[in-house]
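*Asks:* If you scroll down you'll find the structure; I have some questions about it.
The values are calculated or read from the model by the stated rules, or taken from the named source; none is laboratory data. The shown structure was predicted, so the numbers you read here are calculated from the model rather than taken from an experiment. So basically every Cβ, Gly included, is an ideal-geometry build from the backbone, and we count neighbours across all protein chains shown.
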Amino acid sequence: MAKADVTPLTVTQREIMEVVWELREATVSQVRQELVKRRDVARNTVQTMMVRLEEKGWLVHREEGRTFLYSAARPRSVSLGAKVVQLVDRFFAGSPEDMVTALIEYRGLSPAEAERIRMMIDQSETITQSTGEPRGKMS
């Protein structure tokens, strides 16, 4: 899968996207209804944020009469991937090896987790060998 050229979402942007991912398609009012269950937020604020998310390529909309129905333009995994890249860059000076070392040394892995990780590494190496590109660098 190609690495998306995106910056991580802010907390508020992530909240909005989580609602849209959950509902699959939502109006500004529907997103606001979900957000106000956690905290007070103005409809105009939600609308502005959703317009900006669309400008950044996270949302798309279709019109039904005078109503805009928004849906996700990118899957949830793109947001998580951008957050992981930020985490590795910020806390591990860009070194995935240091991140894995910290994970193993400070949290530990169960045998099942270690086996799944080995399988993911094997799959990634197979993709790299067949394409000539590291997995995260494919376009």
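*Asks:* Farther than 28 Å from V85 by Cα and either touching a helix residue (DSSP H, G or I) at 6+ places or on another chain (Cβ under 9 Å) or of a type in the set (V, I, T) (or both): which single residue out of T67, T7 fits that description?
*Replies:* Exactly one residue qualifies, and that residue is T67.
*Asks:* Among all residue pairs at least 6 apart or on different chains, which show Cβ distances below 9 Å where the first residue, located in the stretch 15-40, is surrounded by fewer than 13 Cβ atoms within 10 Å (Cβ to Cβ) and the second is in a helix (DSSP H, G or I) and among the hydrophobic types (A, V, I, L, M, F, W, C)?
*Replies:* S29/V46
*Asks:* Anything in the stretch 49-94 that is among the polar types (S, T, N, Q), within 20 Å of the chain's Cα centre (by Cα) and exposed (fewer than 14 other Cβ atoms within 10 Å of the Cβ)? List them, or say none.
*Replies:* If the condition is that a residue be among the polar types (S, T, N, Q), within 20 Å of the chain's Cα centre (by Cα) and exposed (fewer than 14 other Cβ atoms within 10 Å of the Cβ), then S77, Q86 are the ones that fit.
*Asks:* In the stretch 97-139, how many residues are modelled with pLDDT under 80 and hydroxyl-bearing (S, T, Y)?
*Replies:* Qualifying residue count, the stretch 97-139: 4.
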